[in-house]
Every structure is written in structure tokens, then in C-alpha cells.
Amino acid sequence: MADLSDIQSVEHDVVVIGAGGAGLRAAIECGLQGLNTGLVCKSLLGKAHTVMAEGGCAAALGNVAPQDNWKVHFRDTMRGGKFLNDWRMAELHAKQAPDRVRELEEWGAVFDRTPSGLISQRNFGGHRYPRLAHVGDRTGLEMIRTLQDKLVYLQHVAVHMECTALELLLDDGAIAGVLAYWRETGRLFLLKTKAVILATGGGGRAWRFTSNSWEYTGDGFALAYEAGAELINMEFTQFHPTGMVWPPSVRGILVTEGVRGDGGVLKNSAGDRFMFSYIPEKFAAETADTVEEADRWLADSSKNRRPPELLTRDVVARAITREVVEGRGSPHGGVFLDIASRRDPEFIKRKLPSMYHQFKELAGVDITKEPMEVGPTLHYFMGGIRVDADTQMSRVPGLFAAGECSGGMHGANRLGGNSLSDLLVFGQLAGVGARQYISGLGKQPRIDMAQVERAVQRATAPLNRAEGINPYVVTEHLQHVMDRYVNIVRQRDELETALVELEKLKQEVAQVKAPGASQYNPGWHEAIALGSLLITAESVTRAALIREESRGGHSRVDFPGESDEWVKVSVVARKGVDGQMEVRTEPRPQPPADLAQIAHATLEELEGSGATAAREKGASA
């Protein structure tokens with residue numbers, strides 16, 4: 001057993017876990033507030049999942065479509081989320097996103113420009129107007145570069161790279177510290193702190209077909225759950241409709257929605273643009289119903305309705321799955337996404353440079369000459385840690401969450417582009433919330449070394465077993481269970497089978513062995529990640545079993561369609577006193593009258609006020 005007196009320790013006012021967009025923005029805010037801040041990242045600084053975001057950052061700037069405004073953005077977000085969004089979070093997001101984007105520009109982000117020199121904005125699925133501020137198809141990369149540059153010049157912020165959080169430490173139920181370890185040396189690391197902001201992203205590695213990188217093992221969900229926080233609406237997992245299914249070297253990698261926004265179309269094996277057969281009634285009035293009108297939209301979006309390929313992600317993903325199941329899929333189990341026959345090569349290379357180079361170099365696929373084979377891939381968690389909308393604090397005093405690991409903002413389905421603005425808006429709010437919490441603390445939290453000792457024993461158990469199961473084998477079993485039984489389309493008997501299999505996997509996780517010492521030991525990293533993956537998988541499966549309807553990212557073949565009753569409740573998971581996971585439904589509060597009126601208003605009502613505001617803004621500029 002490790003000698004506790006030998007554990008390296010450091011003290012911060014606040015510790016931010018995760019260095020993607022949300023974590024960086026939260027750490028910057030903490031630094032600007034004068035807090036002694038520690039930023040813990042599992043990988044190297046700058047190697048964040050956010051860099052993979054290609055399409056852009058949604059904000060109602062009104063640069064390309066002057067009639068756009070925060071109310072239309074809020075309405076789009078609520079409709080996309082099937083009205084299960086946290087109303088206050090969606091309001092804050094729509095109102096504050098433009099300021100956060102302009103702030104990013106002031107900090108050095110080099111966005112694409114309009115002919116008049118404003119930040120350019122592009123179309124995306126579910127957004128009424130061109131709304132995504134972008135940098136070609138490298139928006140996430142530019143965002144991380146800018147935030148990172150801002151961070152490194154701040155005082156009071158220390159970065160701890162290649163460091164994994166093992167457990168949150170509590171003092172009388174409130175945050176007191178974090179036990180972590182250095183991935184390279186295996187040495188334990190104790191961070192004493194008054195507050196923790198989780199910004200760890202999702203848990204897509206519980207599935208085999210995923211766009212998520214290796215870091216996405218549900219760490220934030222598990223850390224919060226074990227500390228006593230609640231997880232909300234975990235059944236809503238978004239399968240991005242266009243992940244590459246072939247060749248194997250790029251399987252699961254996203255094809256940005258920008259391909260469809262710039263003219264790409266989806267076709268089945270018969271060459272049909274099948275999306276015209278899957279237009280939901282609620283979107284029918286705003287969606288083109290003929291190929292001719294959809295094609296005209298490319299040239300003039302103001303006088304024609306949007307193509308059905310730009311419907312929300314859940315709708316497109318289910319349509320692709322249906323085409324494949326009914327025998328109209330591509331040779332490798334997807335459908336075709338064709339922009340080669342729609343745009344000239346130079347246009348594609350200029351508008352989608354990363355897409356072109358990535359698939360040319362990694363897979364030998366030239367998207368200027370041939371269609372791509374695409375299909376749904378696990379991409380994003382709409383559910384997550386339950387937090388207060390204004391402060392981002394969970395029910396555990398001193399524990400905050402921002403970005404993908406927090407739940408509520410996106411309801412049942414996230415619109416493309418809303419994730420980047422989400423992490424900017426709520427990263428900043430989490431930093432402010434942490435400062436307010438610390439300012440009101442009456443006493444300095446103390447570390448309970450007995451809790452540290454128990455956490456050390458749990459973490460090092462795989463190293464100390466004489467024999468056991470290979471952790472990589474258990475991960476494969478887990479991914480098989482989630483792919484087979486908890487995928488894009490679900491039903492009761494399969495979800496119940498998944499729970500039986502997950503119970504067996506708990507026994508296997510308790511027996512995994514990582515041969516060797518703690519230094520340079522990837523097997524030990526995998527063994528530790530399994531605990532988080534299993535909590536993530538169980539919470540999704542139990543929540544999916546309880547919600548008996550189909551809504552957004554959650555589809556039940558035994559309960560098709562949305563239910564008026566289920567929109568009134570949230571599904572909440574927490575750790576029970578017996579150590580088992582408890583999952584229950586909880587009534588949602590009534591929406592604020594003013595926000596409900598906006599969400600159900602006609603576009604004409606909202607556009608009128610936005611156009612007036614835009615004109616006034618232009619006149620005063």
C-alpha cells in the first residue's frame with residue numbers, strides 16, 4: 001500500500017478537471033476573478049476533444065441574417081431539444097452566446113468574415129438562420145488555441161497535465177479536495193481545494209462506434225455520482241447521423257454537418273434522396289418537400305425552405321438506421337453522403353479543408369470525387385450532472401459542472417453548434433459561481449485522510465491482485481453490451497438484458513488485474529477507467545428503461561412517439577444509501593410564462609423584433 005505521507009500535494013482555491021473548451025473557459029474566469037486555480041487535464045494541454053468540433057459555434061449575432069435574435073435561437077434550441085430542455089439554461093445560453101463569441105474574437109480568434117468584415121455565420125441542422133460562427137471546418141481547434149493562449153498568460157492558474165482524477169474528497173458533505181495520479185509515473189497527487197468544476201465531457205467510449213476520443217470515459221459522471229450529486233436524463237445520448245462507416249481506418253470519425261449545410265445530400269443504395277420521406281409533421285412547414293425547392297435553397301435561402309438533410313440530428317440518424325435495416329444501405333452498413341456531385345472541387349477544398357485532407361490522408365477517400373459512406377455514431381451526452389442553471393453548482397456544495405458533463409441545457413437532443421457556445425457560456429458562469437461559493441465559505445475545508453486511504457486502496461487494487469481479468473477484455477464486453485442492447489433504437493427486453501449483463505460486468509471489473517507497477521502502465525489506466533464507464537453505462541441503461549416514450553436521442557420501438565405525460569418529468573439517478581444506483585422520475589417545474597410564449601411563438605412574431613433590433617444596432621454602430 002502507498003505511504004500516504006509520501007503523496008505529493010498542492011493547494012488551490014478551485015480545481016477545474018478537464019481542459020476542453022468548458023474547462024479552459026472556467027479556468028480563465030477563475031483566474032480573472034483572482035482565484036488560485038488548478039487545471040487538471042488527462043492528456044496534454046491543447047489536446048482537447050473540443051478541437052474535433054468542425055462546424056462552428058452557434059450564436060445569434062445576426063451578421064448574415066439580420067432578422068436572427070436570441071429569441072429565435074432559444075426557440076430553435078427548445079424545439080430541437082423536444083421541449084425537455086432546462087428553460088433557464090436555454091435562455092441564458094441564447095442570450096449570452098453572442099457576447100461570449102465576441103469576447104473570443106477580442107482574445108484573438110480568427111473567424112471567417114463576411115464581405116463587410118463581420119464574423120461569418122453558416123447554416124446548420126435545426127437552426128433557422130445562418131448562425132454558426134466558424135473558422136472553415138476547424139472552429140474547435142481555433143477556439144482551443146485562443147482559450148489556451150489567454151490562459152497561459154494569466155496569473156494564479158497552474159496546469160497539471162497528464163493527470164487523472166480518482167476521487168472527490170469531502171468535508172461534511174462539501175468539497176475539500178481531489179485525489180489524482182500522474183499517468184506517466186503512477187504517483188498519487190492530492191489537490192486540496194474549496195471548490196471543483198467538472199468539465200470532463202461525456203462517456204462515449206462505453207460504445208465501440210463513437211466519435212469520442214480515448215479520454216471520454218465518463219469520469220465526470222462517476223466522480224459526481226460517487227460524491228453524492230445527481231445525474232439527470234442520462235437516456236438522451238446523441239448518435240451523430242454522419243460518422244464514417246468505411247474504411248475501417250476512419251470508422252466513427254465525424255463528417256461535419258457543414259457538408260450538408262454546404263450542399264451535400266444523403267442517398268440510399270438506389271440513389272434516392274430518402275430524407276424527403278422522413279420529415280416530421282412539426283418541421284413540415286419549414287422544410288422543402290421537393291428536390292427542386294431544396295436545391296433552390298442553396299442559391300437563395302431567404303425564399304426557399306431548408307432541405308430535409310438539415311433536419312435535427314435525431315431525425316436524420318433514425319432515418320439512416322431505417323434505410324439500412326430495410327435493406328437500402330451502402331455496402332458497409334451506412335448510406336451515401338454526396339457532395340462531390342453537387343459542388344466543384346475547389347469549393348469543397350476551400351469550405352471543408354479538414355474534411356478533405358483528413359479523409360484523403362487517413363483513408364484514401366477523395367470527397368471531391370466520390371461520396372462517403374456514413375452512419376450514426378455515438379457522439380454526445382445530453383444528460384449529465386444536475387446543476388443550478390445560474391451558478392452551475394450541483395447538489396454537493398462546492399461541486400460545479402459545465403459543458404457536456406452537465407445535463408439539462410440540450411433537453412432530448414442537441415442542435416449542432418450549440419455545444420461550442422454551451423461550453424463558453426456555462427464555463428464562464430461556473431467560474432463566477434465558484435467564486436461566489438468560495439466567498440461565502442465560513443471555514444476552510446479539511447481533508448479526511450481515512451477517505452484518502454480508502455480511495456488509494458481502491459485505485460491500486462488492480463496492481464496488487466495475484467491474478468485477475470484483463471481490463472481490455474472487460475472494456476470490449478462492455479462496448480458489445482452497449483452496442484447490442486443500448487443503441488440508437490431501444491426496447492424493454494433488450495434493456496433488461498443489458499442490465500443483467502452489466503451486473504455480470506461489475507463482478508469482472510472487481511477482478512481486473514493490471515500486471516506490473518504503476519509507472520507507464522496503460523493497463524492500469526484502463527482498469528481505473530472501467531469504473532467510470534460502468535457507472536455511465538448503467539445510468540444510461542436504467543434511465544432508458546424507465547422513460548417509456550421516444551423523444552430526441554432516446555427511441556423505444558415498444559413506445560413509439562412522444563408522450564405528453566413524459567415531457568412533464570425528468571429521470572434522475574443517484575447513489576443510494578445501500579450503494580446501489582437509484583433511478584426515479586421527478587416532475588419538472590412549470591416553464592416561465594414569458595419563455596413558454598417565446599418557444600411557441602411564430603417566426604414572424606420573433607423575427608420582427610429581431611430585425612428591428614438589428615437595424616437599431618446597425619444604426620448605432
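The values are calculated or read from the model by the stated rules, or taken from the named source; none is laboratory data. The structure presented is a predicted model; accordingly, all values stated were derived computationally and were not measured. Glycine also receives a Cβ, built like all others from the backbone with ideal geometry; neighbour counts cover every protein chain displayed. For accessibility, only protein heavy atoms count, side chains too; no ligands or nucleic acids. Shrake-Rupley method; radii C 1.70, N 1.55, O 1.52, S 1.80 Å.
Put simply, the stretch 407-522 fits an ellipsoid with semi-axes of 34, 29, 14 Å; these come from the alpha carbon gyration tensor as the roots of five times its eigenvalues, largest first.
Our estimate of slack between residue 249 and residue 214, defined as 0.36 nm per intervening residue step minus the Cα-Cα distance, is 11.0 nm.
Reported value for the stretch 103-150: 81 Å³ per residue, from the convex hull of its C-alpha atoms.
Most simply put, the chain has about 65% antiparallel DSSP beta bridges, counting only bridges with both residues inside it.
The simple Förster model, with R0 at 41 Å and r as the Cβ-Cβ distance, assigns residue 292 and residue 567 a FRET efficiency of 0.70.
To the nearest 0.05, what FRET efficiency results for residue 154 and residue 558 with a Förster distance of 60 Å applied to their C-beta separation? All intermediate terms of the calculation are to be shown ahead of the outcome.
Values: r = 52 Å, r/R0 = 0.87.
Approximately 0.70, to the nearest 0.05.
Over the stretch 88-198, the fraction of Cα-Cα pairs per 5 Å bin, rounded to whole percents and listed from the shortest bin up, is 2, 9, 13, 14, 14, 13, 12, 10, 8, 3, 1, 0.
With all distinct Cα pairs included, what does the Kirkwood hydrodynamic radius of the stretch 521-583 come out to in Å, to one decimal, could you say?
Working: mean 1/r = 0.0730 Å⁻¹.
When all Cα pairs of the stretch 521-583 are included, the Kirkwood radius is 13.7 Å.
Percent of Cα pairs in the stretch 227-287 per distance bin of 5 Å, from zero to the largest separation: 4, 12, 13, 20, 20, 12, 8, 6, 3, 2, 0. What the Cβ-Cβ distance of residue 461 and residue 360 gives, at R0 = 56 Å and to the nearest 0.05, is a FRET efficiency of 0.75.
Take the alpha carbon atoms of the chain, find their radius of gyration, then divide it by 2.2 N^0.38 Å using N residues; give the quotient. All intermediate terms of the calculation are to be shown ahead of the outcome.
Numbers: Rg = 23.5 Å, N = 621, 2.2 N^0.38 = 25.3 Å.
That works out to 0.93 for the chain.
One chain, two ends: residue 11 and residue 44. Fully extended at 0.36 nm per residue, the span grows by 9.8 nm beyond their Cα-Cα distance.
Model label sites at residue 138 and residue 577, defined 7 Å from Cα along the beta-carbon direction, differ in position by 5.7 nm.
Let me know the longest stretch in the chain that avoids all chymotrypsin sites (Phe, Trp or Tyr not before Pro) found in a DSSP loop with at most 14 other C-beta atoms within 10 Å. Numbers along the way, then the final one.
Numbers: sites that count: 107, 153, 214, 520.
With chymotrypsin sites (Phe, Trp or Tyr not before Pro) excluded where exposed in loops, the chain gives 215-519 as its longest stretch.
For the stretch 175-219, rounded, prolate or oblate, judged on the Cα gyration tensor with a ≥ b ≥ c (square roots of eigenvalues), a/c < 1.5 rounded, else prolate if a/b > b/c?
Details: a/c = 4.08, a/b = 1.70, b/c = 2.41.
Taking the square roots of the gyration eigenvalues as a ≥ b ≥ c, the stretch 175-219 is oblate.
Taking a sphere under 14 Å around the Cβ of residue 443 and counting the other residues whose Cβ falls inside, with K and R at +1 and D and E at -1, yields a net charge of +1.
When the chain is fully extended, how far beyond the present Cα-Cα distance does residue 443 get from residue 285, taking 0.36 nm per residue of separation? Before the final figure, lay out the partial values.
Details: separation 158, 0.36 × 158 = 56.88 nm, distance 5.81 nm.
So the chain would gain 51.1 nm between residue 443 and residue 285.
Mean separation of Cα pairs under 8 Å and 6 or more residues apart, divided by the residue count, gives the chain a relative contact order of 21 percent.
Within the stretch 445-477, which GluC sites (Glu not before Pro) sit in a loop by DSSP and count at most 11 neighbouring Cβ atoms inside 10 Å? Mind dumping the intermediate values first?
Values: sites: 453, 467, 476; in loops: 467.
Within the stretch 445-477, the qualifying GluC sites (Glu not before Pro) (loop, at most 11 other Cβ atoms within 10 Å) are 467.
Taking the square roots of five times each eigenvalue of the Cα gyration tensor of the stretch 209-321, the equivalent ellipsoid has semi-axes of 33, 18, 12 Å, listed largest first.
With every protein chain kept in the model, how would you rank 324, 577, 16 by accessible area, 1.4 Å probe, largest at the top? Don't skip to the end; give the middle numbers.
Details: 324 50, 577 160, 16 0 Å².
Order by accessible area, largest first: 577, 324, 16.
Within the chain, the whole DSSP H helices whose Cα atoms reach 24 Å or more along their own axis and whose mean Kyte-Doolittle score is at least -1.0 are 418-439, 492-509, 522-546, 603-620. Close amide H pairs (under 5 Å, H built 1.01 Å from N) link residue 39 with 16, 158, 159, 160, residues at least 5 positions away or on another chain. State whether the stretch 456-511 is rounded, prolate or oblate according to the following rule on the C-alpha gyration tensor (a ≥ b ≥ c being the square roots of its eigenvalues): a/c under 1.5 gives rounded; otherwise a/b larger than b/c gives prolate, and the remaining case gives oblate. It is prolate, given that a/c is not under 1.5 and a/b is the larger ratio. Computed in the context of the full set of protein chains, the accessible area of the chain at 1.4 Å probe radius has 50% of its extent on carbon or sulfur. Which entries of 194/575; 506/575; 267/369 show an alpha-carbon separation above 21 angstrom in the structure shown? Distance filter (> 21 Å) returns 194/575. Summing charges over neighbours of residue 475, with a neighbour being any other residue whose Cβ is under 9 Å away from its Cβ, gives -1 when K and R count +1 and D and E count -1. With the simple model of a label 7 Å out from the Cα in the direction of the Cβ, residue 369 to residue 110 spans 3.1 nm. Within the stretch 459-579, the percentage of alpha carbon pairs spaced more than 26 angstrom apart rounds to 33%. Taking the inverse of the mean 1/r over every pair of distinct Cα atoms in the stretch 333-449 gives a Kirkwood hydrodynamic radius of 17.9 Å.
Restricting the stretch 301-388 to GluC sites (Glu not before Pro) that sit in a DSSP loop and have at most 16 other Cβ atoms within 10 Å of their own Cβ leaves 326.
The local environment of residue 513, defined by Cβ-Cβ distances under 14 Å, has a net charge of -2 under the rule Lys, Arg +1 and Asp, Glu -1.
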